[in-house]
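See below for the structure under consideration.
Just so it is clear, none of the values below were taken in a lab; they were calculated from the coordinates. This one's a predicted model, so the numbers in the text were calculated from it and none came from an experiment. Here the Cβ positions follow ideal geometry from the backbone for every residue, glycine too, while neighbour counts run over all protein chains shown.
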Amino acid sequence: MEEALKLLGILFGVLARTLVPYLRKLKQGKIKEFEKGYWISALASFILGLITTLLIFPEFNVVQPGAGLEASIKLFCLAFGFGFGFNSLIAEGAKWGEKHK
């Protein structure tokens, strides 16, 4: 159960970080409608999200999170933040790399 919570937390964090720019652009009006190309982008983001999750999962170590529902929620939130933050670093690093070409 603990491993599943950690894995799902990281995965949802990575995917949320991938989805946030799309939602921002949608709110700003830069995107008018959901086009067919977004399905390809969404699928690629999901696959990359899975790969990123599997790569960073071994680095996520929590010492004795406790027992019960509260500990499980804390563990999930910690894993979500870890995945979101790690993916954010990767995305920001990619943007820096683009600017220096």
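Per residue of the chain, the DSSP helices (runs of n ≥ 4 H) give a summed -39500 (n - 2.57) that works out to -28000 deg cm²/dmol at 222 nm.
Peptides 4-16, 66-78 ordered by packing proxy, namely the average of other Cβ atoms within 10 Å per residue, highest first: 4-16, 66-78.
Only helices reaching 30 angstrom along their own axis (Cα) with mean Kyte-Doolittle hydropathy no lower than 1.0 count here, and for the DSSP H runs of the chain these are 36-56.
For the chain, what D do you get in µm² per second when you plug the Kirkwood radius from alpha-carbon pairs into Stokes-Einstein at 10 °C and 1.306 mPa s? Translational diffusion coefficient: 106 µm²/s.
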